[in-house]
Structures are given as structure tokens and as C-alpha cells.
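To start, the structure under review is shown below, and the notes come after it.
The values are calculated or read from the model by the stated rules, or taken from the named source; none is laboratory data. Note that the coordinates shown come from a computational prediction; the quantities given were computed from them, not determined experimentally. Note that we place each Cβ from the backbone using ideal geometry, even for glycine, and neighbour counts take in every protein chain shown.
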Amino acid sequence: MSATQFHRPLFDWEFYKVVAASVLRTAVGFIGIIWALSLVPETADYTLWRPIAIVILGVTVYVIFFKRQLRRVEKSKFPAVSAFEALILVAAMFLAFFAAIYVMMSASDPTSFSEPLDHFSSFYFALTVLATVGFGDITPVQSNARLICMVQMAIDIVFIAVMIRAVSSAAQNSSAYRAGIAEGKSNSIVADL
């Protein structure tokens with residue numbers, strides 16, 4: 001692949017093809033995340049191992065997925081499109097993680113929130129906490145639910161900053177590297193990375 005191929009203008013069909021593929025991957029990824037959330041039981045499980053296992057598995061999968069998305073953005077021919085796709089999927093997975101916790105809490109104690117939560121309402125609630133909207137239709141009532149919401153709020157602040165910074169840095173590094181290749185200066189940019 002020649003250096004000029006990295007920065008040649010996209011023809012309309014190429015642009016639409018890249019965006020369509022990204023939209024399709026994002027939709028499939030989002031459906032997969034929602035499917036994984038649907039596996040969390042909505043009935044009370046009075047054993048402690050299942051919620052702990054779900055949380056540990058969720059954190060592990062999230063870290064692996066986040067690292068994989070960063071590598072994908074860095075290696076992408078179109079890092080801005082890949083970065084946008086990664087932001088959506090990483091945010092959806094983050095919300096699904098907290099939604100799973102809320103479903104398990106509501107299942108074990110239906111009075112934890114102002115109403116019992118199912119998968120959809122727990123995802124909705126996690127999104128309203130992330131967006132700091134707080135419509136008031138679903139509220140944490142019990143102390144343990146309030147504690148988890150406070151943890152999510154604190155992590156949300158860091159999450160937004162770190163996620164945007166990490167993904168945008170990966171996209172910028174990829175673009176800078178590709179620009180260096182196009183200009184024949186790849187050695188100096190690689191040394192700076």
C-alpha cells in the first residue's frame with residue numbers, strides 16, 4: 001500500500017461503505033451487550049457466589065473489550081470512525097455492567113428502588129445516572145442501592161474523561177502515524193509514540 005493511499009480523498013461510495021460497516025458492527029455489538037445483560041436473572045438468588053461471579057466476569061470482560069477497542073482504533077485505516085464506534089460500545093458495556101448490578105439488587109430486594117427493575121428499566125436507570133438527568137421516576141430507596149448509585153456517579157466522572165481521552169488519543173496517534181507515513185517521516189513519529 002503506497003503512502004498516498006492513506007490520505008487520498010474518500011469517494012462517496014467508500015465513505016458510505018466505511019460508515020455502514022461501522023453502524024452494522026455497532027448495532028451487532030449493542031445487541032450482544034443487551035443479550036448478555038438479559039442473561040442476568042431477574043429472580044432472587046440467595047447465594048452470594050452468583051452476583052460476585054457476575055461482577056468479576058463483567059469487569060474482566062470489560063477491561064479486555066476496552067483494550068481490544070483501543071488497539072482496533074490505533075490500527076484502523078479510519079481512526080475517527082473506529083473511535084466513535086468504540087466510544088458507543090464501551091459506554092454501552094459500562095452501562096450494562098451497572099444495569100446488571102441494579103437488576104440483581106432489585107431481584108434480591110424489590111424495595112431497593114422505588115419500583116422493581118427489569119433489564120430494560122435498569123439500563124434506563126444506569127443511563128440516567130450517567131447522564132446526571134435524574135428524572136425521579138426510578139430512585140434508589142435502600143442504603144445499599146444508594147451506595148451503588150453513588151459509586152456509579154463517582155466512576156462516571158472518571159469514566160467519561162478517561163474513555164474519551166484514551167479513545168481520542170488512540171485515534172490521534174493513528175492519524176499522526178499515517179500522516180507520517182504519507183510524508184515519509186514515519187521513523188520520527190514512531191520514536192515519539
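With the structure loaded, tell me whether residue 124 is within 17 Å of the chain's Cα centre (by Cα) and either assigned to a helix (DSSP H, G or I) or in contact (Cβ under 8 Å) with a residue 12 or more places away in the chain (or both) or whether it fails that test. Spelling it out, residue 124 is indeed within 17 Å of the chain's Cα centre (by Cα) and either assigned to a helix (DSSP H, G or I) or in contact (Cβ under 8 Å) with a residue 12 or more places away in the chain (or both). Looking across segment 132-145, just one residue is assigned to a helix (DSSP H, G or I) and surrounded by 14 or more Cβ atoms within 10 Å (Cβ to Cβ), and that is 145. Among the residues of segment 86-106, those that are in contact with a Ser or Thr (Cβ under 6 Å, 6 or more places away or on another chain) and surrounded by fewer than 23 Cβ atoms within 10 Å (Cβ to Cβ) comprise 88, 105. Filtered by the rule that a residue be under 15 Å from residue 96 (Cα atoms) and of a type in the set (Asp, Glu), segment 52-79 gives no residues.
Within the set 82, 106, the sole residue that is in contact with a helix residue (DSSP H, G or I) (Cβ under 9 Å, 6 or more places away or on another chain), assigned to a helix (DSSP H, G or I), polar (S, T, N, Q) and farther than 25 Å from residue 169 by Cα turns out to be 106. Scanning segment 34-71 for residues that are modelled with pLDDT of 75 or more, over 14 Å from the mean Cα position of the chain (by Cα) and not aliphatic (A, V, I, L, M), we see that the one that is nearest to residue 160 (Cα to Cα) is 71. Scanning segment 133-151 for residues that are closer than 15 Å to residue 95 by Cβ and touching a residue at least 12 places away in the same chain (Cβ under 8 Å) gives 138, 148, 149.
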